[in-house]
Every structure is written in C-alpha cells, then in structure tokens.
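Please read the structure below before turning to the comments.
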Amino acid sequence: MTRWLVTGGAGYIGAHVAEALLASGRDVVVLDDLSSGHRAFVPDGAELVEGSLLDRAALDRALAGDVAGVVHLAGYKYAGESVRRPLHAYRQNVTATVELLEAMRDADVRRIVFSSSAGVYGTPDVDRVTESTATAPESPYGETKLVGEWLLADERAAAALEGRAFASVALRYFNVIGSGSDRIRDTSPHNLVPKVLAVLAEGRTPQINGDDYPTPDGTNVRDYVHVADVALAHVAAAERLERGEPLEPVYNLGSGAGASNLELMRAIAAATGIDFTPGIAPRRAGDPASIVADGTLAARDLDWRMRHTIDAMVASAWSAAQAASA
Ligand SMILES: NC(=O)c1ccc[n+]([C@@H]2O[C@H](COP(=O)([O-])OP(=O)(O)OC[C@H]3O[C@@H](n4cnc5c(N)ncnc54)[C@H](O)[C@@H]3O)[C@@H](O)[C@H]2O)c1
C-alpha cells in the first residue's frame, strides 16, 4: 500500500482528495494548520499532522514513513483578498511550496501533484481556454499559482541534471463547487455558491453583477466542476506518477461548457426550493464576460469527465450546507 501526503487535506478540496485516495486503497497523511480547514473534514483513516508548511519540523513529521508522493493543496486561495495581502499570499503559496520541495528532496519523496488555478490565465481572450492559452494572472493569488508551476518545472529540470527522480504535475482548477458527501463543504466566505446560500439563509435576495455582457443571457459565464470529479483526477494523476508514466506539466480541470450566473441561480432556486429572482447589480470591475476551459488533455490522461450536472452539483452543495446547520 502506498502512502500519500495531502497538504491542505482538512480543506474543502483537500478533504475530498484525501477521501478519494483512501478509497483507491492508499494510505493518507494530512498536513494542515487548520487556518481555513476543519479537523472534522479530515476523513476517518487519514492521519492528521497539525502544523504549517512553513514549519520544517511539521513538514518532516508529515513526510516521514516512506511517502510515495504529495498532493499539495494547502494555500491561501482568496484571489480578491490577495490584492490587499500580497505578502501573505506569497508566503503561504510560494515560500511554503519552496519549503515543501526542499523537505521532499531531503526525504527523497519524488512525486507531487499541485493545485493550480484558472487564475493563472487572468482574462483570457479566447472562447475555450487550453493549456497553451497565454498566462497573464491579474492578482497576487494568480501570480503565486503560476510561480508554483515554475518552481515545479525548475525542480524537475534540476533533478534531471542531478540524475535524481522527480515528477510533478499541476492541475489548473476552474470553479470547484458541490460536495461529495454531506460531511465536507465549501466554507469559503468568498466563493459564489456558499455566498449565495448564506444570503438566502438570511432571507435576502442574491445579486448578479451585470446582465449586459455579450453572453446568451447577458450574465457572466463560468466553468463549474464538481469537487468529487476534481478529487478523482488527483487519484488518476497519483497513479500515473506512481507507474512512472508521462504526464503533461499542466492540465485544465474544466468542463468544456459554461453556465451563466443566471443559470446557476436557477439551479440554486431549484435545489433549495426557494423561489427567488436575483437582483441585478452593476458590473464588477475586471469580471470577464465568459471563461470556459477545454478539458480534453485531462480527459485523455486523467480519466477526467463530468460525472455531475450543474443541478446535481448545486444540490450536493445545498445538502451539505443543510447538514451542517442541522
Ligand atoms: N476552490 C476553488 O474553486 C479553487 C480553484 C482553483 C484552485 N484552488 C486551489 O485549491 C487548493 C485548495 O482549495 P480549497 O478550496 O480546498 O481551500 P481551503 O481553504 O478549504 O483549503 C486550504 C487548506 O490549506 C490549509 N492551509 C493553508 N495554509 C497552510 C499552511 N501554511 N500549512 C498547512 N496548511 C495550510 C488550510 O487550513 C485549508 O485546510 C488551494 O491551493 C486553492 O488555491 C481552489
């Protein structure tokens, strides 16, 4: 049985990844400082090392015991907030990744799957974002994810020069929503679905920013993917790295189809049974009309496919939110 370290495994996506790795028959150790994660999200059967990536002793403890590879999800993920806290974003996402790569090298851990983000593309001027679409991050957060990808590429090159085994892959997630089980949910105060559910719970009417964009219904189009599908792509990546099979350096985890804000609101109304018509607020500066990703490469190599409809994604988010407030 191989053992994988999941950094950020007490977080929303990381806990789903930890669960999927356990279900695949692997052992899991989680390293998490619980800054935005929750102890209760760590699945039964996974060991939790409570500590920060910035604490070398904690990292060494997490990497002890023949770890086959690392899924690195820990980080500071609030793109909007990162504009106000760039140094914090860089410390949590870049310095922490340097610390992790150093500790991995010293412990002879040779494989890493890295959580990157659609944020590396900024505002792409194409109908479908592919992995070769130019990167142009527009927030410190997006920059830190791109630097993370560069660190992996540089470390791969250095390892090749030294004749040392090291393999990595970066997965660029688009808009991750839903829950694989009622035990784990997105608790971010900034992500769209939990924000809308919180507004509804307070009896207020959710707002859409702008309805005059050049999209079919005038509202922004985004690419939503289910967190459990995202988690399975990590297991496929881990498997390929274990087998020493080649992977691209980066993959988009996007659906190939978008949903508009209005469509998402309708799905939320259907799931919650709350009949509401969203208010229309002014456009927000910097919001691109539409971002849809091409997931063809991930479908080819990482068993990536949409196993859930938008309605099912939203219904699972609502179910987990209900379970938490019960
Ligand atoms: N949610 C999305 O739609 C989305 C999209 C693109 C990329 N991502 C990336 O996916 C990853 C996971 O996101 P999430 O939505 O699960 O966020 P999350 O905040 O729920 O999870 C992050 C986890 O990392 C932990 N953590 C943060 N800093 C740490 C540190 N220094 N040491 C140890 N643990 C630390 C937190 O406590 C938390 O459990 C992040 O790297 C994020 O940037 C998320």
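The values are calculated or read from the model by the stated rules, or taken from the named source; none is laboratory data. Owing to the predicted nature of the structure, the values given are computational and were not obtained by experimental measurement. Positions of Cβ are backbone-derived with ideal geometry, glycine not excepted, and every protein chain shown enters the neighbour counts. Only protein heavy atoms, including side chains, enter the accessible area calculation; ligands, DNA and RNA are left aside. Shrake-Rupley method; radii C 1.70, N 1.55, O 1.52, S 1.80 Å.
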Subset of region 304-320 (residues that are open to solvent by 30 Å² or more (accessible area, probe 1.4 Å) and out of contact with any Asp or Glu (no Cβ under 9 Å at 6 or more places or on another chain)): T309, D311, A312, A315, W318
So if I check each of R266, R283, which one is away from the ligand (no atom under 16 Å from the Cβ) and more than 19 Å from A79 (Cβ to Cβ)? R266
Among D217, D287, D211, which is at pLDDT 95 or above, open to solvent by less than 60 Å² (accessible area, probe 1.4 Å) and among the acidic types (D, E)? D217
Could you say which residue among T296, T272 is in the same structural domain as S188 (by TED's automatic domain parsing) and open to solvent by less than 60 Å² (accessible area, probe 1.4 Å)? T272
With the checklist (1) more than 13 Å from the ligand (Cβ to nearest atom); (2) touching a strand residue (DSSP E or B) at 6+ places or on another chain (Cβ under 9 Å) in hand, flag the one item G148 doesn't pass. (1)
For region 199-208, enumerate the residues that are open to solvent by less than 50 Å² (accessible area, probe 1.4 Å) and outside any loop (DSSP other than H, G, I, E, B). V199, L200, I208
Where R172 falls short, out of the listed (1) closer than 29 Å to A134 by Cβ; (2) more than 10 Å from the ligand (Cβ to nearest atom): (2)
Those residues of region 231-288 which are without any contact (Cβ under 8 Å) to a residue 24 or more places away in the chain and assigned to a helix (DSSP H, G or I) amount to R266, A269
With respect to S52, determine if the residue is of a type in the set (S, T, N, Q) and at pLDDT 95 or above. yes
Which numbered condition V225 fails, given (1) without any contact (Cβ under 8 Å) to a residue 12 or more places away in the chain; (2) part of a strand (DSSP E or B): (1)
